[in-house]
1. Please determine, by comparing only the residues of segment 1-35 that are touching a Lys or Arg at 6+ places or on another chain (Cβ under 9 Å) and buried (at least 18 other Cβ atoms within 10 Å of the Cβ), which one is modelled with the lowest pLDDT.
2. Among the candidates Leu87, Leu65, which residue alone is modelled with pLDDT under 60, exposed (fewer than 15 other Cβ atoms within 10 Å of the Cβ) and not β-branched (Val, Ile, Thr)?
3. Just wondering, is there one or more residues in segment 36-59 that are part of a strand (DSSP E or B) and either acidic (Asp, Glu) or modelled with pLDDT under 90 (or both)?
Amino acid sequence: MMQSIRPQHYKVGETFEAINVIEAWQLDFCLGNVVKYIARHGKKGSAIEDLRKAEWYLRRKIQQLENDAKGTNQVENGTYSCQAPELPAKRLSDDEALQSLNC
């Protein structure tokens, strides 16, 4: 059976769907993924993992903007050559992840 193209884990109530918000706000790839992973956290898999993915894309966008401001961005093959900050190599438990965020 074919999976839904518009799965429930990307919807927030009956009013908002991540793709509609991303398009309405005209977000780029990185910021669109931030919205997507925040919207679905806790609805598909690990909430902490989704928030870490959102964090990774947000850090990448910040790095791109900082490089743009410095005029140091190098574009290779249509993509930024900057490296996004690395997430921990070890997968953290939910408790460890919360502690690392100082929540």
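The values are calculated or read from the model by the stated rules, or taken from the named source; none is laboratory data. The shown structure was predicted, so the numbers you read here are calculated from the model rather than taken from an experiment. Don't worry about glycine lacking a Cβ; one is built from the backbone with ideal geometry, like all the others, and counts go over all protein chains shown.
1. So, considering only residues that are touching a Lys or Arg at 6+ places or on another chain (Cβ under 9 Å) and buried (at least 18 other Cβ atoms within 10 Å of the Cβ), the one modelled with the lowest pLDDT is Tyr10.
2. Leu87
3. no
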